[in-house]
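All remarks here apply to the structure that follows.
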Amino acid sequence: MFQPIKIAPSILSADFMNLENDIRMIEQGGAGYVHVDVMDGHFVPNLTIGVPHVKQLKKITKLPLDVHLMISNPLEQLPWFIEAGADMLTVHAETLEGQWLEHAVQLIHEGGALACVALKPNTPVEVLTPAIADLDMVLVMSVEPGFSGQGYIEGSELKVAQVVDMARAVGNEGLLIEVDGGIGVGTVERVCAAGADVIVCGNAVFAADDPQGAIRQIEALGNAARG
Ligand code: DX5
Ligand code: ZN
């Protein structure tokens, strides 16, 4: 919370036919992570990429891979993603009832990756209670998961502030907060002012005329918003 921010471009908006070029471009543009959106056509309507892609990405970049699992069965698949090279693995709280959330966090840590839990826009922060002390990151979704290029849901920054309060209450001062969906120059300041550290950008980077300039501008605006 309130650490210098990092931009995590989402390759969902990249050119899959020239993905290595796009990875080099964001590396040189100052990206902090590569955000990888894994969708199963079940937890979310869309279907994207999976374990083989993560394995190949790991071979071509040193940037940490921030893998966002939007899948119904994360417990089954998460060991495969860690094995493939995910550095940071995000599971959705909505897919892990009761004790299973903590179990997933434990499995991710045992695999040697950083553990993150994501919340859909209508999921209350209270579901994080059993796990928040052990988490490395919380992902606040600021759109309904499933597609890039959607508009930011107004007020999502309030949820970021709630996560800050919860983390402080349990002494997890090192917790990172990531925000995902509709973030760009018009929205980055409010989420960073509220405490976001990792900013996912799909269209705001890859659909920009100058993607590297966009990374730098969004990062500068976010850091300045810290006050
Ligand atoms: C949405 C994905 C996002 C998405 C972000 O379900 O989790 O990572 O690609 O794209 P933008 O920044 O265009 O909203
Ligand atoms: Zn994502």
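Net charge near residue 7: determine it from the other residues with C-beta under 13 Å of the C-beta of residue 7, scoring Lys and Arg +1 and Asp and Glu -1. Counting the neighbours of residue 7, the net charge comes to -4. Mean separation of Cα pairs under 8 Å and 6 or more residues apart, divided by the residue count, gives region 87-147 a relative contact order of 37 percent.
Once the 1.4 Å probe is applied to the protein heavy atoms, region 1-160 comes out at 43 Å² accessible per residue. Note on residue 75 and residue 47: the model spin-label points, each 7 Å out from Cα along the C-beta direction, lie 2.6 nm apart. Here the chain has 52 percent of its accessible surface on carbon and sulfur atoms, given a 1.4 Å probe and all protein chains in place.
Here the peptides 52-59, 217-224 are ranked by packing, the mean other Cβ count within 10 Å, and the order with the highest first is 217-224, 52-59.
If we sort 74-85, 136-147 on the protection proxy, mean other Cβ atoms within 10 Å, highest first, what's the order? Please list the in-between numbers first.
On the way: 74-85: 17.6, 136-147: 21.8.
Packing order, densest peptide first, comes out as 136-147, 74-85.
Per residue, the chain reaches -11000 deg cm²/dmol at 222 nm when only DSSP H runs of four or more residues are counted, each adding -39500 (n - 2.57). Within a straight-line Cα-Cα reach of under 20 Å, residue 58 can be paired with the following lysines, leaving aside sequence neighbours fewer than 8 residues apart in one chain: 6. Given their separation in residues at 0.36 nm each and the Cα-Cα distance between them, residue 109 and residue 3 gain 35.9 nm when the chain is fully extended.
Computed over the alpha carbons of the chain, Rg followed by Dmax gives 15.9, 46 Å.
The values are calculated or read from the model by the stated rules, or taken from the named source; none is laboratory data. In this text, all values refer to a predicted model and were calculated from it rather than measured experimentally. A quick note on method: Cβ atoms are made from the backbone with ideal geometry, for glycine too, and the neighbour counts reach across all protein chains shown. To get the accessible areas, we keep the full protein, side chains included, count just its heavy atoms, and leave off ligands, DNA and RNA. Shrake-Rupley method; radii C 1.70, N 1.55, O 1.52, S 1.80 Å.
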